[in-house]
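Comments concern the structure below.
The values are calculated or read from the model by the stated rules, or taken from the named source; none is laboratory data. None of these values were measured; they are calculated from a predicted model. We place every Cβ from the backbone using ideal geometry, glycine too, and count neighbours over all the protein chains shown.
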Amino acid sequence: MAKQQKNDELAESRRILGQIEQETTYGRAAQKLRNHLGAADADQNDVIETWGTRIGRIIGFLFTIAIILFFIRYLISA
């Protein structure tokens, strides 16, 4: 009986920690980015649209990161 109660308490603790992680700013931001880049809002029945959206968003994301890194490099060298 005590072992079952300990297992229940452990499961409840993990559930609470999972909720806290999802509610944090970092967790929400990471989930939103993952959903955006993964084309969660695109029509999942249309494979071409889904993959086209994913590819376009990933290329745009990488291009943005490259521009930011170029700008930082430019500022450091000036």
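So which residues in the stretch 44-78 are surrounded by 10 or more Cβ atoms within 10 Å (Cβ to Cβ) and at pLDDT below 90, if there are any at all? Scanning the stretch 44-78 gives a single hit, Gln44.
Condition first: within 16 Å of the chain's Cα centre (by Cα) and in a helix (DSSP H, G or I). Now tell me which residues in the stretch 32-52 satisfy that. Once the filter is applied, which keeps residues that are within 16 Å of the chain's Cα centre (by Cα) and in a helix (DSSP H, G or I), the stretch 32-52 yields Lys32, Leu33, Arg34, Asn35, His36, Leu37. Checking each residue in the stretch 61-78 for being over 27 Å from Leu33 (Cα atoms) and in contact with a helix residue (DSSP H, G or I) (Cβ under 9 Å, 6 or more places away or on another chain) picks out no residue at all.
Within the stretch 1-31, the set of residues being surrounded by 10 or more Cβ atoms within 10 Å (Cβ to Cβ) and not in a helix (DSSP H, G or I) comprises Thr24 only. Remark: pairs (first residue in the stretch 24-38, within 15 Å of Gly56 (Cβ to Cβ); second residue β-branched (Val, Ile, Thr); Cβ separation under 8 Å; 6+ apart in sequence or on different chains) = Leu37/Ile58.
Scan the stretch 31-52 for residues that are of a type in the set (S, T, N, Q) and either over 27 Å from Glu21 (Cβ atoms) or touching a His at 6+ places or on another chain (Cβ under 6 Å) (or both) and the total you get is 2.
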